[in-house]
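Written out below as structure tokens is the structure these notes cover.
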Amino acid sequence: MASTFPNISRIPYEGPKSGNPLAFKHYNAQEVIDGRTMREHLRFSVVYWHTFRGRGSDMFGAPTMHRPWDDQSDSLDNARRRVRVAFEFFEKLGAPFYAFHDRDVAPEGATLAQTNKNLDAVVKVLKEEQQRTGVGLLWGTACLFVHPRFAHGAATSCNADVFAYTAAQVKKALEVTHQLGGAGYVFWGGREGYSTLLNTNLKRELDHLAAFLHMAVEHKKKIGFQGQLYIEPKPKEPTKHQYDSDAAACLNFLREYDLLEHLKLNLETNHATLAGHSMQHELEVAAAAGALGSIDANTGDLLLGWDTDQFPTDIYLTTQCMLSILNAGGLTTGGVNFDAKVRRESFEPIDLFYAHIGGMDAFARGLKIAAAIRKDGRLAEFVRQRYRSWDSGLGQQIESGQSSFEALEKYMLKKGEPSPNESGRQEFLENLINEFI
């Protein structure tokens with residue numbers, strides 16, 4: 001197959017002084033930071049859906065992106081050709097991973113059997129290209145939100161037949177992910193929620209979702225899939241309320257239904273902001289529960305109220321992300337997955353390279369800055385000192401469970417008033433971070 005990007009070679013690292021827009025300024029894959037290479041820390045992944053299925057349409061306008069390699073048909077030949085183009089892109093970009101929905105890579109047939117047959121045909125090409133390039137599958141997932149059958153949800157549908165179809169589709173997607181050596185599998189409940197409670201039995205739907213995930217865990221074990229399972233939080237859009245609304249809601253659900261040992265969280269920046277949180281907040285909530293698994297790297301436009309999925313270029317954002325990730329021990333099975341799309345106005349194929357290079361450089365800078373902050377130690381020491389009253393005496397007794405209301409009342413009656421509070425020094429700490437950025 002002839003090159004689709006003949007004028008673009010493998011993207012090199014040229015350093016911060018380079019003026020070449022097709023070169024990395026900060027992402028040097030083999031540079032060692034805190035004992036691991038950048039490639040190992042960041043585990044960059046390109047998404048198949050936005051990058052190779054996105055056409056630049058939105059709710060107000062027609063597609064603007066007419067890719068020369070894609071005839072827009074649902075033929076298997078077109079699907080296979082798309083795979084070859086995708087892997088040329090992954091290889092030239094130097095991305096070690098990619099991610100996909102089942103319906104991104106293969107067309108849906110008239111029946112489930114035909115759909116599975118189509119998927120098998122394309123998976124054969126995906127496997128060939130993985131072996132040729134060394135690019136791996138970060139995670140797979142099933143598209144359970146586009147087809148009209150999922151109008152009332154998938155695993156939470158009021159229609160038991162839809163639940164059964166969902167199970168069959170996820171069974172196949174898990175098996176395909178396993179076949180391709182995927183490092184994980186993601187559940188994103190785009191329709192798992194409600195538009196109105198007037199027609200919703202919320203408790204029953206949550207019970208069904210839990211039963212579904214237990215079946216998935218069981219099937220994962222049955223087929224010998226060793227990858228990590230993830231839930232991806234999102235509060236709204238397309239439904240008014242989604243059951244996986246944020247990290248805390250997901251963790252509560254997993255604990256309630258005895259699933260926490262089986263699933264971690266795949267967190268997305270734009271989903272965090274839609275939930276009214278920062279990405280750092282979501283990362284810290286997941287990390288505190290030992291459930292931080294992977295991230296979808298993007299950002300939203302704070303002036304727009306929907307999931308714009310823009311490429312991350314804010315160095316403060318990437319620094320905060322990497323500081324939380326490094327503090328949590330780093331990414332292992334997960335990665336930095338660019339669930340991001342070029343703007344509708346950026347419709348030429350070369351814009352795909354510019355976008356990913358910018359995102360990769362931004363996270364590389366965030367990694368280096370976060371590592372430098374940790375090495376400096378002042379931020380960590382400030383936090384340690386702020387909580388020092390808990391390291392001995394009264395605080396230590398409370399944390400170890402060796403106190404009671406009666407004992408604490410006796411302590412305060414004798415002391416009279418608490419020791420004076422100290423300043424939180426927010427501005428000082430913001431200035432400290434600015435020293436490194």
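The values are calculated or read from the model by the stated rules, or taken from the named source; none is laboratory data. Owing to the predicted nature of the structure, the values given are computational and were not obtained by experimental measurement. Here the Cβ positions follow ideal geometry from the backbone for every residue, glycine too, while neighbour counts run over all protein chains shown. Note: areas computed on protein heavy atoms with side chains; ligands, DNA, RNA excluded. Shrake-Rupley method; radii C 1.70, N 1.55, O 1.52, S 1.80 Å.
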TODO: Assess whether residue 84 counts as being part of a helix (DSSP H, G or I), touching a residue at least 12 places away in the same chain (Cβ under 8 Å), open to solvent by less than 70 Å² (accessible area, probe 1.4 Å) and of a type in the set (D, E, K, R).
DONE: no
Open item on the list: Take the conditions outside any helix (DSSP H, G or I), loosely packed, with under 15 Cβ neighbours inside 10 Å and either touching a residue at least 12 places away in the same chain (Cβ under 8 Å) or hydrophobic (A, V, I, L, M, F, W, C) (or both) and apply them to residue 229. Does it pass?
Closed with: no
Open item on the list: It is to be established whether one or more residues within region 3-11 are modelled with pLDDT of 95 or more, of a type outside the set (A, V, I, L, M) and within 26 Å of the chain's Cα centre (by Cα).
Closed with: yes
Task: Which listed residue, of 174, 198, 206, is assigned to a helix (DSSP H, G or I), buried (at least 22 other Cβ atoms within 10 Å of the Cβ) and modelled with pLDDT of 95 or more - done: 174
Task: Among the residues listed as 252, 298, the single one being over 21 Å from residue 138 (Cβ atoms) and either more than 14 Å from the chain's Cα centre (by Cα) or open to solvent by less than 10 Å² (accessible area, probe 1.4 Å) (or both) - done: 252
- [ ] Only residues that are assigned to a strand (DSSP E or B), open to solvent by 50 Å² or more (accessible area, probe 1.4 Å) and touching a strand residue (DSSP E or B) at 6+ places or on another chain (Cβ under 7 Å): list them for region 12-55, please.
- [x] 13
TODO: Scan region 158-170 residue by residue and report those that are polar (S, T, N, Q) and either on the phi > 0 side of the Ramachandran plot or in contact (Cβ under 8 Å) with a residue 12 or more places away in the chain (or both).
DONE: 166, 169
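This table checks each residue for (1) at pLDDT below 95; (2) open to solvent by 100 Å² or more (accessible area, probe 1.4 Å); (3) touching a helix residue (DSSP H, G or I) at 6+ places or on another chain (Cβ under 9 Å); (4) of a type in the set (Lys, Arg).
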| position | (1), (2), (3), (4) |
| --- | --- |
| 377 | no, no, no, no |
| 389 | no, no, yes, no |
| 397 | no, no, yes, no |
| 405 | no, yes, no, no |
| 412 | no, no, no, no |
| 417 | no, yes, no, no |
Task: Residues satisfying the stated conditions in region 306-331, i.e. part of a loop (DSSP other than H, G, I, E, B) and either crowded, with 17+ Cβ neighbours inside 10 Å or at pLDDT 95 or above (or both) - done: 307, 308, 309, 311, 312, 313, 314, 328, 329, 330, 331
